[in-house]
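Q: Please find one structure pasted underneath; my questions will follow.
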Amino acid sequence: MNAGLTILMSLALIMALLVAAGVFTWVERRGLGFLQERLGPNRVGPFGFLQWIADTVKLLTKEDEVPPGGDAVTFRLAPALAAIPVLAGFAVVGFGPGLTLSALDMGVIFALAMLALTVYAMVLGAWASHNRYALLGGLRAAAQMLSYEAFFGLSLMGVVMISGSLNLGQIVEAQSGLWFIVTQPLGFALFMLAGIAAAHRLPFDLQESEQDLVAGFMTEYSGMSFALFFLGEYLAIILVSALAVTLFFGGWLGPILPGPVWFGLKVGALALAFIWIRAILPRPRYDQLVAFAWKWALPLALLNLLLTGAIVVLAGAGGGAA
Amino acid sequence: MTTEIMTKPAEGVDDPVADLRARFGDAIQAEQQTVDTFPVLWIDPAQWVAVHEHLRRAVPQPFTLMAELYGIDETTRRHRAGQPASGVTLVSHLISPERNADIRLKCACDAEAPRAPTLTEVYPGADWYEREAFDMFGVRFDGRASHRRILMPPDWKGHPLRKTHHARATEVAPYRMTPESFAATEVANAIDPAELGLPTERDGVELMVLNFGPHHPSTHGVFRIVLGLDGEEIVWAYPDIGYHHRGAEKMAERQTWHGFIPYTDRIDYLGGVISEMPYLLAVEKLCGIEVPARAQCIRVMLSEFFRITSHLLFYGTLAQDTGAMSPVFYMFVDREKAYKVIQTITGARMHPAFFRIGGVAMDLPTGWDDLVREFLDWMPARLDDYERQAMNSELFRIRTQGVAAYDVETCLKWSVTGPHIRAAGLPWDMRKLRPYSGYENYEFDVPTRTEGDCYARTWVRAQEMRESLKIIRQCLDWMPEGPVKADHPLAFPPPRAQTLHDIETLIHHFTGTAYGTRVPVGEATGQIESARGFTQYSIVSDGEGGSYRTRIRTPSFANLQAIPEVAPGMTVADFVIYLASIDHVMSDVDK
């Protein structure tokens, strides 16, 4: 692809993702409403579908102030840091055969790295807010990131071993026989746990836990700055779902329908699971989460890695144990 | 202490009055006769602490709970026959759970500069009550380290419950907030840990002071707690209340007896008619009114409906505070079903003001029984659901089990009652121990646990809802026929139908509405078990159309007192669950 086409494609993808994130907020609110015996937003447009546009307009026009005593530059920078890396992470995602902005050989690593960068947004935003609740949220964000990142990457190394590639496109191709969810169920479970934490969703949204920390690192944010944090969270859900689909559910592979449609359907189904989990689970305390991450999830991820490695070596095949 | 409670005084237990007379002689200045069944003794101020000390520690089956301590301004009271001279009377109310008996002690203080010795050494739970007595009456307590206001703002002038203090805003110059007074208020409301003797550092590390509230999503009302934090661990907690104070006790002195009923609904605003009960029990006791069986049954049924709606709100918000967002919505659906019944019967939802002196406002509407039955059939399956969603959820358990656990001793020490003391193992429920309004006729259990943690408190309330359903079912099956208001001259308002036929009733209706009914001179007490704990209204009538003094003992006030002892060592995340498990209502705290 030449540079001009890449820029055009990137813009199109960003637009599509922004709309997808917006629509997803509506899906979540109606979905939660359905699960909680209430209606959810149903006034703007058919079934309240245009609610997310109304919300966007509201957020764009709201006053957006730096709190007294806050660090103005960092305060403005942090929300951008929350949304931009996640958008960049989509560059390596394959939406269909050959349909990817950048078929990086290090695709998996790149996407994870982009997700991990968002913790800077939280810590910097918390620090710049000059607010004690925000500070506590920022501390939690940092501690939590350290604990889940450790097994986040390890959980999908099994997939990488079997497929023998870090390129997301090649990983999908490697699943043409059998989806990796079948051979890597433990890896998938750990990946999703860490993914929920990476997207800062209940039950692992300790850094913004509104019950004790008001809104954690976001306490002082309003208007568009708040919206960018919010956007980052919803994009992260989609990115984690997209990664999970690519790594474990055969990406765009599927009968009859074209690849991108299959990919969209699978990502949508996984994203709904995020809503469902949010509706049913309480939140653990942060030291409980950290203890779980180090004492259970990390050893399990290592065990998964060890077993997969042993099987791959014994089978004597480097590319596709299935 | 044992967890057994006797429903009758045990054989051979000394009569506390005779015992006190033998031991303290002249220090017992008088025994006052009231319509209440417990003794009321006037104590020489010099022996005030010694008598309490004796009752707390020396007598068999001691009086371990200080239910409350409050003042009465006697300066304009006309009928005080048989009582020693007093300007401001300090009253303490002690309860022995083992005897299931009360004793009330009074101490005469000077009108101009009231002073009394402090009881905090004997009853730590007297702390907030003494602060309140200072705040409201200006009583100074010898031996107290400091006198801080508790309900009024720190820079308030005067002591509101003194008869000389104005009751209405129109009696004083208009209130103006200038930039100077605003700044002064800011300074006055600041809390300096060093000044309170609280540590500012631990192991050489400076503590972070966090103002938790008064505007915080998890304080369940305008409640401020200043926390000293080391990382996320709480080193000390200093509760600051009063943001919801509306002067209910002062208002009671301005309203007619009848006119105060709607205010009682709003003391514990989630309890609805429950808090009308103790007020009316006291008034009816003073008037000598026997409430008809049907009215009693209606009162019980509505009270239990409100107990369920209150506990449901607790259940949902506690789950919410653990991070589970859904249960509260399900429970609001259930509350809506309950409110449908309440609305049909009373015409209002949260604050029906439905009870009247001598009965209830009107008879049950046609078809009430079908509505109640519908609710009774709906609820049990829902409660089973919540058991699965919350109580049996592993994440819910690790968040609540072992969190903020305290035992019966701690409860008694800080005068904590209600589900707290039952979750710690003491089956203390006024409906069983001192049945009122016919509770003795119903079959129900008092659920208890022994852990005393947040999980146990949730469990106790969840079970209490099932017991309430049992009681409502019995009300439905046994609802007696007959009148819903006593046929008594002091029952108010008089029957509407009669007012249009005979002039006597019409005049009675008119004067009662305009000046209030003349409740006989005396003192009376109404005690009940509200959704939050032991609630007591103590009224003093001076023969006027309204009360001379109405004292409201609310459970939430005392239940918050244990926070500084329980909170240290917890994380902030656990602290919000502890707060939710207290299930306080701020208007019930601040009155």
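The values are calculated or read from the model by the stated rules, or taken from the named source; none is laboratory data. Keep in mind that this is a model prediction, so the values were computed, not measured. A quick note on method: Cβ atoms are made from the backbone with ideal geometry, for glycine too, and the neighbour counts reach across all protein chains shown. Side chains are part of the model used for accessible areas, which takes the heavy atoms of the whole protein and leaves out ligands, DNA and RNA. Shrake-Rupley method; radii C 1.70, N 1.55, O 1.52, S 1.80 Å.
Q: Multiply the residue gap between B:LYS163 and B:ARG254 by 0.36 nm, knock off their C-alpha separation, and tell me the result in nm, one decimal place.
A: Numbers: separation 91, 0.36 × 91 = 32.76 nm, distance 1.12 nm.
Net length gain for the segment: 31.6 nm.
Q: To continue, here is another question. Which distance in Å, rounded to a whole number, links the C-alpha centroids of segment B:481-530 and segment B:176-227?
A: Distance between centres, Cα-based: 48 Å.
Q: Calculate, in nm to one decimal, what B:ALA85 and B:ARG176 gain on full extension: separation in residues at 0.36 nm each, minus their alpha carbon distance.
A: Details: separation 91, 0.36 × 91 = 32.76 nm, distance 4.02 nm.
Extra length from B:ALA85 to B:ARG176 when fully extended: 28.7 nm.
Q: Once the Cβ-Cβ distance between A:ASP287 and B:GLU206 is put in as r, and R0 is 25 Å, what FRET efficiency do you end up with, to the nearest 0.05?
A: On the way: r = 22 Å, r/R0 = 0.88.
It comes out at approximately 0.70.
Q: Where in chain B is the longest stretch that carries no chymotrypsin sites (Phe, Trp or Tyr not before Pro) classed as loop by DSSP and with at most 14 other Cβ atoms within 10 Å? Working shown, then result.
A: On the way: sites that count: B:TRP156, B:TYR175, B:TYR515.
Answer - B:176-514.
Q: Once the Cβ-Cβ distance between A:ILE280 and B:ARG466 is put in as r, and R0 is 25 Å, what FRET efficiency do you end up with, to the nearest 0.05?
A: On the way: r = 24 Å, r/R0 = 0.95.
That pair, A:ILE280 with B:ARG466, gives E of 0.60.
Q: Across 10 Å bins from 0, what is the distribution of all Cα-Cα pair distances for segment B:321-401, in whole percents?
A: 15, 35, 26, 18, 6
Q: Here's something else I'd like to know. Relative contact order (percent) for chain B, with alpha-carbon contacts under 8 angstrom and 6 or more residues of separation? Kindly include the intermediate steps, with their values, before the conclusion.
A: On the way: 1141 pairs, mean separation 100.7, N = 591.
After rounding, I find 17 percent.
Q: Hey, another quick one. If you find the alpha carbon centre of segment B:540-567 and of segment B:48-115, how far apart are they in angstrom?
A: Cα centroid of segment B:540-567 versus Cα centroid of segment B:48-115: 14 Å apart.
Q: Give the distance, in whole Å, between the Cα centre of segment B:328-348 and the Cα centre of segment B:416-473.
A: What the calculation gives is 22 Å, centre to centre.
Q: Report A:VAL44's accessible area, 1.4 Å probe, all protein chains in place, as a number in Å² to the nearest 10.
A: Estimated to the nearest 10 Å², A:VAL44 gives 50 Å².
Q: Taking 40 Å² as the minimum loss, tell me which residues in segment A:34-65 lose that much accessible area going from the chain by itself to the full protein complex (1.4 Å probe).
A: Going by heavy-atom accessible area, the residues of segment A:34-65 that drop by at least 40 Å² are A:GLN36, A:GLU37.
Q: What do you get for Rg/Rh over the protein assembly as shown if you use C-alpha atoms and the Kirkwood form of Rh? Walk me through the intermediate numbers first.
A: Details: Rg = 32.5 Å, Rh = 31.1 Å.
In the protein assembly as shown, Rg relative to Rh is 1.05.
Q: Counting only other residues whose beta carbon sits under 14 Å from that of A:GLY70, what net charge do I get with K and R as +1, D and E as -1?
A: On the way: positive: A:ARG76, A:ARG132; negative: A:ASP64, A:GLU65, A:ASP71, A:GLU220.
Around A:GLY70, the charge tally is -2.
Q: Here's a follow-up. Order the following by accessible area, largest value first: B:THR322, B:THR344. Probe radius 1.4 Å; ligands, DNA and RNA are ignored.
A: On the way: B:THR322 0, B:THR344 65 Å².
The ranking, largest first, comes out as B:THR344, B:THR322.
Q: Next up: Could you tell me whether segment B:63-140 comes out rounded, prolate or oblate from its Cα gyration tensor? Rule is a ≥ b ≥ c as square roots of the eigenvalues, rounded for a/c under 1.5, then prolate if a/b exceeds b/c, otherwise oblate. Spell out each step's value before the answer.
A: Values: a/c = 2.62, a/b = 1.39, b/c = 1.88.
Since a/c reaches 1.5 but b/c is at least a/b, the shape of segment B:63-140 is classed as oblate.
Q: Could you give the length gained on full extension between A:LEU272 and A:SER102, defined as 0.36 nm per residue of separation minus the Cα-Cα distance, in nm? Let's see the in-between values first.
A: Details: separation 170, 0.36 × 170 = 61.20 nm, distance 2.72 nm.
Here the answer is 58.5 nm.
Q: List the GluC sites (Glu not before Pro) in segment B:53-133 that DSSP assigns to loop (not H, G, I, E or B) and whose Cβ has at most 13 other Cβ atoms within 10 Å. Which are they? If you can, show how the numbers build up before the last one.
A: Details: sites: B:GLU53, B:GLU68, B:GLU74, B:GLU98, B:GLU112, B:GLU121, B:GLU130, B:GLU132; in loops: B:GLU74, B:GLU98, B:GLU112, B:GLU121.
The qualifying sites are B:GLU112, B:GLU121.
Q: Among the aspartates and glutamates, which fall within straight-line cross-link reach of B:LYS337, defined as a Cα-Cα distance under 16 Å, with same-chain neighbours fewer than 8 residues apart omitted?
A: Output for B:LYS337: A:GLU37, B:GLU304, B:ASP369, B:ASP370, B:GLU374, B:ASP377.
Q: B:LYS157: which aspartates and glutamates have alpha carbons under 12 Å from its alpha carbon, excluding same-chain residues fewer than 8 sequence positions away?
A: Filter leaves B:ASP135.
Q: For segment B:166-246, which GluC sites (Glu not before Pro) pass both filters: DSSP loop (anything but H, G, I, E, B) and at most 10 other C-beta atoms within 10 Å?
A: Working: sites: B:GLU171, B:GLU180, B:GLU186, B:GLU195, B:GLU201, B:GLU206, B:GLU232, B:GLU233; in loops: B:GLU195, B:GLU232.
Those satisfying the criteria are B:GLU195.
Q: Then there's this: Counting other Cβ atoms within 10 Å, which GluC sites (Glu not before Pro) in segment B:235-342 have at most 14 and lie in a DSSP loop?
A: B:GLU290
Q: So for the pair B:GLU336, A:ILE53, with labels modelled 7 Å out along Cα→Cβ, what separation do we get in nm?
A: 2.9
Q: Right, something else. Under the classification rounded if a/c is under 1.5, otherwise prolate if a/b is larger than b/c and oblate if not, where does chain B fall, given a ≥ b ≥ c as square roots of the Cα gyration tensor eigenvalues?
A: Rounded, because the longest to shortest axis ratio a/c is under 1.5.
Q: Taking K and R as +1 and D and E as -1, what net charge do the other residues with C-beta under 10 Å from the C-beta of B:PRO62 add up to? List each step's numbers first, then the result.
A: Values: positive: B:ARG56, B:ARG57, B:ARG99; negative: B:GLU98.
Here the count lands on +2.
Q: Given labels modelled 7 Å from the Cα in the Cβ direction, how far is it in nm from B:HIS147 to A:VAL23?
A: In this crude spin-label approximation the distance works out to 7.0 nm.
Q: Roughly how many nanometres apart are two label points built 7 Å out from the Cα toward the Cβ at B:GLN498 and A:VAL261?
A: The two pseudo-label positions are separated by 8.2 nm.
Q: OK, next. Computing the accessible area with a 1.4 Å probe over protein heavy atoms, can you report the carbon and sulfur percentage for segment A:3-315?
A: Working: 10000 of 13160 Å².
Result for segment A:3-315: 76 percent of the exposed heavy-atom area is carbon or sulfur.
Q: Decide, for segment B:101-243, between rounded, prolate and oblate: order the square roots of the alpha carbon gyration tensor eigenvalues as a ≥ b ≥ c, take rounded if a/c falls under 1.5, and otherwise choose prolate if a/b is larger than b/c, else oblate. Working shown, then result.
A: Numbers: a/c = 2.07, a/b = 1.25, b/c = 1.66.
Taking the square roots of the gyration eigenvalues as a ≥ b ≥ c, segment B:101-243 is oblate.
Q: Just need the relative contact order of segment B:1-159 here, percent rounded to a whole number, with Cα pairs under 8 Å and 6+ apart. Before the final figure, lay out the partial values.
A: Working: 280 pairs, mean separation 33.7, N = 159.
With pairs under 8 Å counted, the relative contact order is 21 percent.
Q: Normalised by the empirical 2.2 N^0.38 Å for globular proteins, what value does the Cα Rg of segment A:3-315 take?
A: Numbers: Rg = 19.5 Å, N = 313, 2.2 N^0.38 = 19.5 Å.
For segment A:3-315, the normalised Cα radius of gyration comes out at 1.00.
Q: Here is a follow-up. Quick one: net charge of B:GLY516's neighbours, Cβ under 13 Å, K/R +1, D/E -1? The partial results should precede the final answer.
A: Values: positive: B:ARG254, B:ARG518; negative: B:GLU253, B:ASP542, B:GLU544.
Taking every Cβ under 13 Å from that of B:GLY516, the sum is -1.
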